[in-house]
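Here's the structure, in structure tokens; my notes come after.
The values are calculated or read from the model by the stated rules, or taken from the named source; none is laboratory data. The shown structure was predicted, so the numbers you read here are calculated from the model rather than taken from an experiment. Ideal geometry is used to build each Cβ from the backbone, glycine not excepted, and the neighbour counts take in all protein chains shown. Side chains are part of the model used for accessible areas, which takes the heavy atoms of the whole protein and leaves out ligands, DNA and RNA. Shrake-Rupley method; radii C 1.70, N 1.55, O 1.52, S 1.80 Å.
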Amino acid sequence: MIARIRNIWRIDPFSLRVRLTIGIAAVSALGLGSVAVWTTWQMQQILIGSHKRHVEDIAGRLPRDAEIYSEMFLVATGVQKAIDNLTASQTFLWVNFFDGTNQAKSTNFNSTDATAIALLSLRQVSTSPQVYVINNRYFVMCARTLRVNGNSLGQLFVAQDISDEQTMFLTVVKGLGVTSLLILIAITGAIALYIQRSLKPLMQINQLAAKVSATDLGQAKLQCDRAPTEVRELARTYNMMLERLAAAWEQQEQFVSNVSHELRTPLTIVHGYLQSVLRRETNLTTIQRDALETAASEADRTIRLLQDLLDLARADSGHLHFHIEPIVLNALVAEVVGMARQYSNREIAIEATGEIIVLADRYRLKQVLLNLIDNAVKYSDSSQRIALKLDQLEQARIQVCDRGVGIPLQQQARIFERFYRVDESRSTSGYGLGLSIVKTLVDGMGGCVTVSSRLGEGSVFTITLPIAA
Ligand code: ADP
């Protein structure tokens, strides 16, 4: 479930967007929370403070009033009169006389009310006014010794019922809490949106950079004119780096191309001389002949490697040109298979459904097929048959099938990469360039090459090419 939500909103807990949003939301929550707590505390102080002062006043005034009344009446009557005088609707007063006589209490006590009974039975109450909760009602209360004319008569209790104000206050606090929460959610949403918009240029740079490949290093440019200054600076630096990379890449291609070209010519001459010596000289010893044959074959192998490198360098720099023309595929395949049979001495069958005319470069297509047949020969047992199947659907299809060692599934995607070889121990004669040349050439002719293979059972390389209309 969480994974689904993360997918929908693409929430990455380590992303800058989420971290900034959480950080700012946390600071906002702290700020808003502090203000709310401080406001609540202040309101509470103001509300309770005034009641405390009121209770304090009454507790101070009652003994004085009782003294005045006791000059005219009996002391107990004077105390009752003083109580009656100071009684108000929410103010309760009562005195527990030390001599055990009846309590003197204000007239607003309802003798059947449980809260009134609980109040009258209280014994331990602080001398300074405090808030007490009795039967879910709130009272500011204090108790003092009642002294009249220097005599301690009893314990005086003063209680102010603040339940209504307290309930109102709690409602206000709840409202304040809910409002703060809503404000926080709104602030978090706004911050998340703002951060997402601010980071958008960075994401665009990321997407653009991901598309840059070796072939378009020179043309790739990151544009973000309306982005913040820091992001524009980053894009500018990135563009400069791309330019330097493009220059270095071009230099490297040029170097490979020059070296291949410069080495190929003298090596071809060496190879030619070796071949002519081998053909003409009849008085060579077996050792000399073997040595010359090894030298000629190594020279041939190196010439082919240099040719492959030259082709790839040309393809990279866009200088590999194709002469696309309609070709009768059946005839071309027959010609290539004839050549391959000669040098490999293997059984190579052709299976065709009818005459197919493709649009391709004759010389390059031959090179592609020879490469694939060469691999089929190298990676299968000499007793196994190799087959070339031709058919035509929307495009022409050529399949080179062998019953050889096969290629592990996880490596099939990589065999078209340059210098990639499945297993060095399989063959000693290659450099891992053959299939990358095949792919470059087939792509260049507007076609496509794929492989399907099973380890130990064989491989099928499939080329599709456009057909002539
Ligand atoms: P190499 O010069 O090594 O043959 P390639 O580019 O032609 O280079 O092939 C790359 C790798 O793909 C080879 O190392 C080989 O292991 C594997 N491969 C190519 N063709 C076949 C095939 N027909 N059967 C089995 N493995 C193959």
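Rounded to a whole number, what % of the accessible area of the range 1-211 do carbon and sulfur atoms account for, probe 1.4 Å?
61
Enter the angle in degrees (range 0 to 90, nearest 10) between the Cα long axis of helix 163-211 and the first principal axis of the Cα atoms of the chain, meaning the one along which they spread out most.
Its long axis makes an angle of about 10 degrees.
Please work out the Kirkwood hydrodynamic radius for the range 325-465, using every pair of different C-alpha atoms, and report it in angstroms with one decimal place. Walk me through the intermediate numbers first.
Working: mean 1/r = 0.0660 Å⁻¹.
After inverting the mean inverse Cα-Cα distance, the result is 15.2 Å.
If the cut-off is a Cα-Cα distance under 19 Å, which lysines reach Lys200, setting aside same-chain residues fewer than 8 apart in sequence?
Within reach: Lys211, Lys221.
Show the residues, 5+ positions off or on another chain, whose built amide H is closer than 5 Å to the amide H of Ile350.
Leu388
Binning at 5 angstrom from zero up to the longest distance, how are the C-alpha pair distances of the range 205-244 distributed in percent?
5, 27, 34, 22, 9, 3
For the pair Ala114 and Leu16, how long in nm is the line joining their label points, each one 7 Å along Cα→Cβ?
6.4
Using r as the Cβ-Cβ distance of Lys200 and Gln44, and R0 as 41 Å, what FRET efficiency do you calculate, to the nearest 0.05?
After rounding to 0.05, the efficiency reads 0.30.
Place a point 7 Å from Cα of Ser152 in the direction of its Cβ. Which residues in the range 49-63 have their backbone N less than 17 Å from it?
63
How big is the range 1-211 in terms of Cα radius of gyration and Dmax, in angstroms?
29.9, 105
When only the heavy atoms of the protein chains count and the probe is 1.4 Å, how do Asp84, Asp374 rank by accessible area, highest first?
In descending accessible area the options line up as Asp84, Asp374.
State the extension gain, in nm to one decimal, for the chain segment bounded by Ser382 and Ala295, taking 0.36 nm per residue of separation less the distance between their alpha-carbons. Display every interim value, and only then the final one.
Working: separation 87, 0.36 × 87 = 31.32 nm, distance 2.52 nm.
Contour length minus Cα-Cα distance gives 28.8 nm.
Accessible area of Asp225, 1.4 Å probe, to the nearest 10 Å²?
120
Just subtract the alpha-carbon distance of Arg61 and Leu245 from 0.36 nm times their residue separation and send over the number in nm, one decimal. Kindly include the intermediate steps, with their values, before the conclusion.
Numbers: separation 184, 0.36 × 184 = 66.24 nm, distance 9.37 nm.
Between Arg61 and Leu245, full extension yields 56.9 nm more.
Nearest 5 is fine: what % of DSSP beta bridges in the chain come out antiparallel, could you say?
Beta bridges within the chain, antiparallel portion: roughly 90 percent.
Say R0 is 22 Å: what FRET efficiency, to the nearest 0.05, do Ala209 and Glu230 get from their beta-carbon distance?
0.85
Taking only Cα atoms, what is the 0 to 90° angle, nearest 10, from helix 75-86's long axis to the longest principal axis of the chain?
50
Under the Karplus relation 6.51 cos²θ - 1.76 cosθ + 1.60, θ = phi - 60°, what is the ordered set of whole-Hz ³J(HN,Hα) values for the range 404-414, x standing for Gly and Pro?
3J(HN,Hα) across the range 404-414, in whole Hz: x, 6, x, 10, x, 3, 5, 9, 4, 6, 9.
With N set to the number of residues, divide the alpha-carbon radius of gyration of the range 100-160 by 2.2 N^0.38 Å and report two decimals.
Compactness ratio reported: 1.17.
Top to bottom by accessible area (1.4 Å), largest first, where do His319, His54, His271 land?
I get His319, His54, His271, largest accessible area first.
With θ taken as phi - 60° and the coefficients 6.51, -1.76 and 1.60, list the Karplus ³J(HN,Hα) couplings across the range 215-229 in order, rounded to whole Hz; mark glycine and proline as x.
Ordered by residue, 3J(HN,Hα) equals 6, 10, 4, x, 8, 5, 9, 8, 10, 7, 5, 9, 6, x, 3 Hz.
Could you provide, to the nearest whole Å², the per residue accessible area of the chain with probe 1.4 Å?
60
Carbon and sulfur: what percent of the range 362-416's accessible surface (1.4 Å probe)?
Of the solvent-accessible surface of the range 362-416, carbon and sulfur hold 46 percent.
For the chain, just list the percent of Cα-Cα distances falling in each 10 Å bin from zero outward, please.
3, 12, 14, 11, 9, 7, 6, 5, 5, 6, 7, 7, 5, 2, 1, 0, 0
Considering amide H positions built from the backbone, and no H for Pro or chain starts, which residues 5 or more places from Ile357, or on another chain, come under 5 Å of its amide H?
Sorted by chain and number, the residues that satisfy this are Leu329, Ala468.
For the range 197-284, what size does the Cα cloud have along each of its three principal axes, sorted from largest down, in whole Å?
Dimensions of the range 197-284 along the principal axes of its Cα atoms: 84, 17, 15 Å.
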